[in-house]
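Single-structure report; data block below.
Just so it is clear, none of the values below were taken in a lab; they were calculated from the coordinates. Just so it is clear, the model here is predicted, and its values are computed rather than measured. As a convention, Cβ positions derive from the backbone with ideal geometry for all residues, glycine included, and neighbour counts pool all protein chains shown.
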Amino acid sequence: MAKTVIIYTQETCPPCFAEKEWLKANKIPFEERDIRKNDAYMKEVIDLGASATPVTVIETEDAKEVVMGFVEEELSRLLKK
């Protein structure tokens with residue numbers, strides 16, 4: 001089942017950088033959305049109930065998971081890595 005990974009970030013966020021590096025190292029494609037460069041992305045993050053970055057959304061055909069912060073164990077479980 002195909003998974004879409006979206007990570008909401010901002011430039012001044014060390015955990016965002018760490019998560020992006022982890023995703024790249026595990027060859028997991030992702031779309032990065034910088035909340036400081038696009039007001040719509042900021043609204044999406046707020047609508048998800050987040051107050052900090054990174055926020056990762058993992059979507060499949062029938063499910064949507066949201067991970068608040070860089071939680072490697074949870075990302076590994078959800079992405080089966």
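Hey, for a label at E59 modelled as a point 7 Å past Cα toward Cβ, could you say which residues of the stretch 1-26 have their backbone N under 12 Å away? Hits in the stretch 1-26 for E59 at 12 Å: 3-7.
If the viscosity is 1.002 mPa s and the temperature 20 °C, what translational diffusion coefficient in µm²/s does Stokes-Einstein give for the chain when Rh comes from Kirkwood over Cα pairs?
Working: Rh = 12.7 Å.
D, rounded to a whole number, is 169 µm²/s.
Between the residues P29, A50, A40, the greatest Cα displacement towards the positive end of the dipole of the chain, with unit charges on the Cβ of Lys, Arg, Asp and Glu, is found for P29.
About the Cα centre, and with charges only on the beta carbon of Lys, Arg (+1) and Asp, Glu (-1), how big is the dipole of the chain? Nearest 20 debye, please. Kindly include the intermediate steps, with their values, before the conclusion.
Details: 12 positive and 16 negative charges, 45 e Å.
Result for the chain is approximately 220 debye, rounded to the nearest 20.
DSSP assigns beta bridges within the chain; of those with both partners inside it, close to 70 percent run antiparallel. Looking at the chain, identify the longest residue range that excludes and avoids all GluC sites (Glu not before Pro) in DSSP loops having at most 16 other Cβ atoms within 10 Å. Here the longest segment lacking exposed loop sites spans 12-60.
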